[in-house]
Amino acid sequence: MTSPSDNKLPNIAWRPTPEYIERSRLRRFMQQHSIYTFADLLARADRDPAWFWDAVVRDLDLEWYSPYSRVLDLSGGIEWPRWFAGGRYNYVHDAVDKWATTDTSRVPAIVWEGEDGKVRTLSYAQLHREVNSAANALKALGVQPGDRVGIYMPMIPETAIAILAVSKIGAIYTPIFSGYGGMAVAGRLQDCAARVLITADGFLRAGKPVAMKEAADEAVAASPSVQHVLVVRRLGTPVHWQSGRDIWWHDLVGEQSDECATEQTAAEDPYMIIYTSGTTGKPKGVVHVHSGFPIKAAQELAHCFDLHAGERLFWISDIGWMMGPWSITGALMLGATCFLYEGAINYPQPDRLWSLVERHNITHLGVSPTAIRSLMGLGDDHVKRHDLSSLLILAGAGEPWNPAPWQWYFDVVGGGTRPIINYSGGTEVSGGILACNTLLPIKPCAFSAPVPGMAADVIDHEGNSVRGTVGELALRQPWPGITRGFWGDHDRYIETYWSRITGVWVHGDWALVDDDGFWHILGRSDDTIKVAGKRVGPAEVESAAIAHIAVMDAAAIGVPDELKGEALVLFIRLRPDYTASEELREAIEQTIISHLGKTLKPKAIHFIGDLPHTRNGKILRRLVRRQYLDEPTGDTSALENPAALEGIRELGATRET
């Protein structure tokens, strides 16, 4: 597959330095296999995925209870690969158990800061004991291998302990977004028939308590499979209590032994069902197994993000989104430290994030592009007053970048010297398809190459490879992190990813490999706007709008138009020091025209106070479009700020048709 390697390429923001090359785990991996270029690595991995993933297992020094007899079994078809056949493997051994008797036992495994400033640190030895006690507590509640346990928690240490404890005993956990209301939680508990729900009394967000137990009670009342609710005391606030069902975490876990043997699960045994929300239909329960998601998470953090033992990863996420379990699991499997934070990154002061980085010596920071756009709008001074010299790697994921925020992140936060590892994939693939790494040059907003081991391609509607033109992002070979279907709905899984072209996973993103070999994600293929025959991704339009100094954030949608087929409509969130006016609207319009041409002149530009987004900052454009056009919105449970939809609906009521 194409990848950039020529240092004479134009528009390069960062090139590998001797220091980054010398420390590179990916370079070491390539040397061990006598591979001398990244392009050769991709080509060999694409030709022989069994060789590659067997080599990854050895490179990561993963330990198996019973060795596998076959790396890859495709007897069920490419849609249903079986990895590491015959092997018995539980990722908790590699994430926790094996470190407890080594020098790593004294290394911080989890460091947490609450929004109120409280700090807790668990060494690997302490985490091992805590996980064992929690595992024994679950056994005391009757949880057995294969049972499902819901984890509806904020980002606190007990959250990491809980997911590891469930996995340790061979049960299956379902991570649930901490901002969900009761019925959204219930939908997930009902679908997987969870036996136990682990939750907290509440947590802090932007200075206000969020009462989780109340929502948990509503959810459990509608979920007859749930027999017990295990409650972590985070705030100490009064909560409703149902005797016999509700149990305090500290009471039950505190009385358990801190010794517990890890269940010797089969490599293909499920350990997690994580739900992804769509704008229509019920959420999809994505099934992942012990030898899948955890191994891919560790491999990506090692080979793309160059995370080493003892370094500190802080990825701003929630346990309900893929990056929550991904960062906890992957960091621990590498002997690194996972930093957790429960609250708002701009509270109580706009510099909270940069203060966290400085005080906790964060080495690897992952932030969504939307979060960077918001932080950039608050000014540079909040960043510059902090010492960010601990940072080695910057990262971003979740949506396409716009040039100005990318450059601000690189220059102001990274000092123009740290690489930004751009990263894109999905919950169903266990992480990334495309990414940058520290061995290849980096172009703003682009991806340097596919993630090693992901046989990525850009294809036309017939499945032919295309370069220099927009096509669908696709995968031509299996990988361990592929979902083992959707819980209870295998047909929907096949229809979603495998029904377009036989034997090819079509991911649902528009992508482009440019003339220099860099990869670009242009947005979801079902988000694409076609104006007067010209197809444009919403991110391109939003980037043009954000080029105006007054614009903090934007969302672009296409609406039906008799003349052009579709017309552009933009929703603009202004920076705090700008006021909406007709003159400003015209200025933003001219900025867009200057970037994209008169054909893509917006039909309407609306100023709005807030845009609907998830906790990790991803703007859901399809919800914006449906609300504006007064169409059925579908599942909105992923939104952190559903009230933002009302403002869009009000604007839609006045639109010209």
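The values are calculated or read from the model by the stated rules, or taken from the named source; none is laboratory data. On a predicted model such as this, the values are computed, not experimentally measured, just so you know. Ideal geometry is used to build each Cβ from the backbone, glycine not excepted, and the neighbour counts take in all protein chains shown. Accessible surface is based on the protein model in full, side chains and every heavy atom, while ligands, DNA and RNA are left aside. Shrake-Rupley method; radii C 1.70, N 1.55, O 1.52, S 1.80 Å.
For residue 604, the conditions (1) over 23 Å from residue 369 (Cβ atoms); (2) touching a strand residue (DSSP E or B) at 6+ places or on another chain (Cβ under 6 Å); (3) open to solvent by 40 Å² or more (accessible area, probe 1.4 Å) all hold with the exception of (3).
Residue pairs whose Cβ atoms lie under 6 Å apart, separated by 6 or more positions or on different chains, with the first residue in segment 497-513 and touching a residue at least 12 places away in the same chain (Cβ under 8 Å) and within 21 Å of residue 468 (Cα to Cα) and the second open to solvent by 10 Å² or more (accessible area, probe 1.4 Å) and of a type in the set (A, V, I, L, M), are 509/521; 510/470; 510/522; 511/521; 512/470. Looking at segment 302-410, the helices (runs of 4 or more DSSP H) lying wholly inside it that each contain 1 or more residues that are modelled with pLDDT of 95 or more, open to solvent by less than 20 Å² (accessible area, probe 1.4 Å) and over 27 Å from residue 539 (Cβ atoms) sit at 323-333, 352-359. The number of residues in segment 66-118 that are open to solvent by less than 50 Å² (accessible area, probe 1.4 Å) and within 30 Å of residue 207 (Cα to Cα) comes to 9. As a summary of the residue check, residue 516 satisfies the conditions (1) out of contact with any Lys or Arg (no Cβ under 8 Å at 6 or more places or on another chain); (2) closer than 28 Å to residue 42 by Cβ; (3) surrounded by fewer than 16 Cβ atoms within 10 Å (Cβ to Cβ) except for the one numbered (1). Filtering segment 114-145 to residues that are in a loop (DSSP other than H, G, I, E, B) and touching a residue at least 40 places away in the same chain (Cβ under 8 Å) leaves 114, 115, 116, 141, 142, 143, 145. Of the set (1) under 30 Å from residue 477 (Cβ atoms); (2) of a type outside the set (D, E, K, R); (3) at pLDDT below 95, all apply to residue 101 but (1). Going by the conditions given, is residue 428 assigned to a helix (DSSP H, G or I), out of contact with any Gly (no Cβ under 7 Å at 6 or more places or on another chain) and open to solvent by 20 Å² or more (accessible area, probe 1.4 Å)? Criteria not met by residue 428. Counting only strands (runs of 3 or more DSSP E) wholly contained in segment 179-231, the ones carrying 1 or more residues that are among the hydrophobic types (A, V, I, L, M, F, W, C) and open to solvent by less than 10 Å² (accessible area, probe 1.4 Å) occupy 196-200, 203-205. One residue stands out among those in segment 281-291 that are in contact with a strand residue (DSSP E or B) (Cβ under 7 Å, 6 or more places away or on another chain) and either part of a loop (DSSP other than H, G, I, E, B) or among the aromatic types (Phe, Trp, Tyr) (or both): the one that is farthest from residue 87 (Cα to Cα), which is 283. Here residue 20 meets the list (1) assigned to a helix (DSSP H, G or I); (2) surrounded by fewer than 20 Cβ atoms within 10 Å (Cβ to Cβ) almost entirely, failing just condition (2).
Exactly one residue out of 163, 151 is surrounded by 24 or more Cβ atoms within 10 Å (Cβ to Cβ) and not in a strand (DSSP E or B): that is 163.
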